[in-house]
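Some notes on the structure that comes next.
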Amino acid sequence: MSIKSNAGLDAIFHPRSIAIVGATAGPDNIYTQMFLKSLLDFRFEGPIYPVNPKADSVMGLKTYPTVLDVPGPVDYAISLIPASATPQLMRECVAKGVRAVQLFTAGFDETGEQDRTRLQEDLAAMARRGGVRLLGPNCVGIYCPESRMSYASDFPKEVGRVGFIAQSGGYTYLTARIAAARGVRFSKMVSYGNASDINEIELLEYLANDPGTDVICVYIEGTRDGQRHLRVLAEATARKPVVVIKRGHTEGGRRGARSHTGALAGDDMMWDVAFRQAGVIRVEDVEELVDMMVTFLFFPLPRGRKVVLVGGGGGASVRAADQCEAGGLRLPPLPDDLREEVNRHIPLAGSMLTNPMDVLVEAHGGIPSWISILAALDCWEGADMFLWQVCPEMPPFREDIFSQLIIEVRTQMLEEYKALRKPKVVVVHAVETMFGLRELDAIRAKCADEGVAFYPSVLRAARAISRCMDYWDWRGRRAS
């Protein structure tokens, strides 16, 4: 294993003090809100120094004209100032002994303008000579709950086990919020932008060695060192699951990547082959990325790919069966003796007692019958996992009182369901109305609290589970 430790990156994840250069006192300044207010809301434990020669204080904190005027040491500086002013800032940071500078500032290589590219290169060279690590430019930086760093006040404050690195700042916002709604928490998240110094390869090496990270996720548009990047990916996947969104695979996407972060997108077919060889799980977008996070965190590895599917209506169950098998799972038929056992608790009329099982528990015995059915199915050695699908739009009544009753009953059903010994998932799908959305939100929140794998469609659940199992199969073959 050739991955190096990169202990030097600890400075960007665990700074003892932070300066925010360009913070302003105006209440409508979105960038000051992003960085200064988020650090205050997260209760960053070290000193925070706003730097602005035209202000006396910002958000109740004393403001300093330059970084050099800050009375104490500065580990990490965030730049909100124009690109033209950054060379002077870098000279001051070198003189101050700042360990790392994050350039939220844009207007460099991503513009495609030669003079802006040269400015970025000169800035990176100045940082290297002065012993300063440079993150960006054109990035939102670091979210690390353990050190109470964030650029969004609403991000979860709990420490998790997923590390995420992304060229796109917007994707980190999107991913953090979607994942949080499904119970995922992060160890570290980095938006690295144009990668003039700290790049995706070094960050990947860091996360591969990070004991606080169990799953690595990546959003990438391109790289300047494809061979090394793929080598490090392969080395990382030998330790931990690595899930990648690779964008810029069309001509328009490649142009967009160049203007977004200055990335060299490369040939997509070559990336695809290299990812497969390296054991990387490639997904299309953030929804599938979060599905993989949920699966690796909350879904214990089953013995095989045979699933017993419960819940839903007749047509929904048929659709779910098709989606399971399209996603790589199999639905074995229930043996006769098991069908007879289930039939003791649920009338055959109006039910499907095969696999999938269309069982309207609410109308036939309620929770006691649900417990009995699950107990019988949990003992069946012919299945490796459970999938419970909930279809909020199917009940015939839509009154609020009925909606609340359904939510309460299904919450109780979830309590029994999560106690099963076999791996299990919950799916709530085909939701479009406010009625259905309320039920979806209630069940999703309960699953997030209880650490139960939740998905918004059967197909997405099946695909994520199959990809997870493919990864562990690959690891097993590689080790043998």
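Structural remarks
- Amide H contacts of LEU135: VAL101, GLN102, LEU103, each under 5 Å away and 5 or more positions distant or on a separate chain (H built 1.01 Å from N in the peptide plane; Pro and chain starts excluded).
- Cα centre as origin, Lys/Arg/Asp/Glu Cβ charges: the chain dipole, Debye: 1260
- Compared with the dominant Cα axis of the chain, that is its longest principal axis, helix 114-129 is turned about 80°.
- Sequence-ordered 3J(HN,Hα) estimates for segment 167-172 from the Karplus curve with 6.51, -1.76 and 1.60 and θ = phi - 60° stand at 5, 8, x, x, 5, 5 Hz, glycine and proline given as x.
- Rounded to 5, the percent of DSSP beta bridges in segment 141-298 classed as antiparallel: 20
- When only alpha carbons of segment 73-191 are considered, Rg and Dmax amount to 15.5, 45 Å.
- A protection proxy built from the mean count of other Cβ atoms within 10 Å ranks the segments 294-300, 400-406, most packed first, as 294-300, 400-406.
- Packing-based order for 267-273, 468-474, using average beta carbon neighbours within 10 Å, highest first: 468-474, 267-273
- When log10 I(q)/I(0) by the Debye sum over Cα atoms at q = 0.08 Å⁻¹ is calculated for this entry, the matching label among (1) -0.45; (2) -0.73; (3) -0.56 is (3).
- Cβ-defined net charge surrounding PRO15, 15 Å radius [Lys, Arg +1; Asp, Glu -1]: +3
- Relative contact order of the chain, defined on C-alpha pairs under 8 angstrom at six or more residues apart (%): 12
- Compactness of segment 7-135 - radius of gyration and Dmax, Cα, Å: 14.2, 41
- Built amide H within the under 5 Å cut-off of THR223, gap 5+: LEU264
- Each Lys or Arg adds one and each Asp or Glu subtracts one; over the other residues with Cβ under 11 Å from the Cβ of ASP41, this totals +3.
Rule-based calculations on the coordinates, nothing more; no lab input. Predicted model, so just to flag it, every value in this text is computed and none were measured. Every residue, glycine among them, receives a Cβ derived from its backbone with ideal geometry; neighbour counts consider all protein chains shown.
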